[in-house]
Amino acid sequence: MRESMKVCKICDQPKQEGLQLFFAFICTDCEKEIIHTSPEEERYDYYVDRLKACSYQKQ
Ligand SMILES: [Zn+2]
C-alpha cells in the first residue's frame, strides 16, 4: 500500500511529492511549471482555472 500517493489537480497524475494546499494537491513538477510560467502565457490561465475549479468544489 502506498498511501502517500496523491493525485495532482493540475496534471491528474498520482504523485508522491508535492504541495498540499488547503483545497488541492499540486505535484512538484506542476508547482515548478507554475512558478516558471508568467501570467502573460496562455498556460498560466489554464493552471489558474484548474486551481479555481478545485477551490469551488469545496465551497
Ligand atoms: Zn502535476
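The values are calculated or read from the model by the stated rules, or taken from the named source; none is laboratory data. What you see is a predicted model, and the numbers here were worked out from it, not measured in a lab. When we count neighbours, we look across all protein chains shown, and the Cβ atoms used for this are built from the backbone with ideal geometry, even at glycine.
Worth pointing out:
- When residues of segment 44-59 are limited to those that are of a type in the set (Lys, Arg) and touching a residue at least 24 places away in the same chain (Cβ under 8 Å), the one surrounded by the most Cβ atoms within 10 Å (Cβ to Cβ): 50
- The residue of segment 8-26 that is farthest from residue 47 (Cα to Cα), among those that are outside any loop (DSSP other than H, G, I, E, B) and within 8 Å of the ligand (Cβ to nearest atom), is 15.
- Residues that are more than 10 Å from the ligand (Cβ to nearest atom) and either in contact (Cβ under 8 Å) with a residue 24 or more places away in the chain or not in a loop (DSSP other than H, G, I, E, B) (or both), drawn from segment 29-43: 35, 42, 43
- Selection count, segment 7-17, where residues are under 16 Å from residue 54 (Cα atoms), buried (at least 17 other Cβ atoms within 10 Å of the Cβ) and not β-branched (Val, Ile, Thr): 2
- Note on segment 18-59: among residues that are among the hydroxyl-bearing types (Ser, Thr, Tyr) and over 17 Å from residue 4 (Cα atoms), the one that is modelled with the lowest pLDDT is 56.
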